[in-house]
Amino acid sequence: MDEVEIIAGIAKALMLRDGYHMPIVFVKGTNSDVAIGLRSFGETNEERVQDLLQVGIKTAVECNVGELELIVLVNEAWMSSNPEVLPSQDPERKEMLMVQSLDARTQDEDMQGFEIIRDPKGQVVSLLDWHHPVSDSVKGNLLQAFQEGYQTVRPILN
């Protein structure tokens, strides 16, 4: 089982146990690994990009992970099949637990999603696997923002 699968399994267990999942970035480097809970995770994509850029910078300054190998972001999100409406505004939206990963060496990205099923009292009772359509690109900008922030500062520290 690879690192992303292990992280996804732990994230699912925490979601089922706690009913929520704090946004967390997991970083694997040549020197060490670190998990960073995000205290700030903006409301818009632009704000989230800025948050992850700053977390990348802070990680480069405060953590000795070495060269980046793998970056994984776990967070809750809304998903909509209606491209005309923001997912947060779509009454048919789905609540998701997302696990996004970036191989920092090859720039290969992957995404796993799990639809969160709650009972009438709001308790999480199940997580359903969601499969990203093969024809769609998985490219995003959040993990790249982290990598950009990290790599902006890392050469200065060497």
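The values are calculated or read from the model by the stated rules, or taken from the named source; none is laboratory data. Just so it is clear, the structure is predicted and the values come from calculations on it, not from any experiment. Cβ: placed from backbone, ideal geometry, glycine included. Neighbour counts: every protein chain shown.
Inside segment 42-61, can you point out the residues that are crowded, with 20+ Cβ neighbours inside 10 Å and β-branched (Val, Ile, Thr)?
VAL55, THR59
Check whether at least one residue in segment 113-133 is touching a residue at least 24 places away in the same chain (Cβ under 8 Å), under 20 Å from HIS21 (Cβ atoms) and in a loop (DSSP other than H, G, I, E, B), and report yes or no.
yes
Do we have GLU95 as part of a strand (DSSP E or B), touching a residue at least 40 places away in the same chain (Cβ under 8 Å) and among the charged types (D, E, K, R) here?
Details: part of a strand (DSSP E or B): yes; touching a residue at least 40 places away in the same chain (Cβ under 8 Å): no; among the charged types (D, E, K, R): yes.
It is false that GLU95 is part of a strand (DSSP E or B), touching a residue at least 40 places away in the same chain (Cβ under 8 Å) and among the charged types (D, E, K, R).
What are the residue pairs meeting all of these: first residue in segment 50-77, first residue at positive phi and in contact (Cβ under 8 Å) with a residue 12 or more places away in the chain, second residue among the polar types (S, T, N, Q) and not in a helix (DSSP H, G or I), Cβ atoms under 8 Å, and 6 or more apart or on different chains?
GLY66/THR30; GLY66/ASN31; GLY66/SER32
Name the single residue, out of those in segment 19-41 being touching a residue at least 40 places away in the same chain (Cβ under 8 Å) and surrounded by 15 or more Cβ atoms within 10 Å (Cβ to Cβ), that is nearest to GLN54 (Cα to Cα).
Going through the qualifying residues, I end up with VAL25.
Can you pull out every residue in segment 30-78 that is under 19 Å from MET111 (Cβ atoms) and of a type in the set (Asp, Glu)?
ASP51, GLU69, GLU76
One residue is enough: does segment 71-87 have a residue meeting the conditions more than 21 Å from GLY140 (Cα to Cα) and buried (at least 18 other Cβ atoms within 10 Å of the Cβ)?
As a first pass, look at segment 71-87 and keep what is more than 21 Å from GLY140 (Cα to Cα): none.
No, segment 71-87 has no match at all.
Checking the condition among the basic types (Lys, Arg) and assigned to a helix (DSSP H, G or I), which residue from LYS12, LYS28 passes?
Values: LYS28 fails: assigned to a helix (DSSP H, G or I).
Exactly one residue qualifies, and that residue is LYS12.
Which of the residues that make up segment 60-89 are under 18 Å from SER101 (Cβ atoms), of a type in the set (A, V, I, L, M) and part of a loop (DSSP other than H, G, I, E, B)?
Once the filter is applied, which keeps residues that are under 18 Å from SER101 (Cβ atoms), of a type in the set (A, V, I, L, M) and part of a loop (DSSP other than H, G, I, E, B), segment 60-89 yields only VAL65.
When MET98 is evaluated against the numbered criteria (1) in contact with a Ser or Thr (Cβ under 9 Å, 6 or more places away or on another chain); (2) modelled with pLDDT of 95 or more, which criterion, by number, is the only one it fails?
Going through (1) in contact with a Ser or Thr (Cβ under 9 Å, 6 or more places away or on another chain); (2) modelled with pLDDT of 95 or more one by one, MET98 breaks only (1).
Being closer than 17 Å to VAL99 by Cβ, assigned to a helix (DSSP H, G or I) and charged (D, E, K, R) is the filter here, so list the residues in segment 31-59 that pass it.
ARG48
So which residues in segment 101-112 are more than 10 Å from LEU70 (Cβ to Cβ) and part of a strand (DSSP E or B), if there are any at all?
GLU109, ASP110, MET111, GLN112
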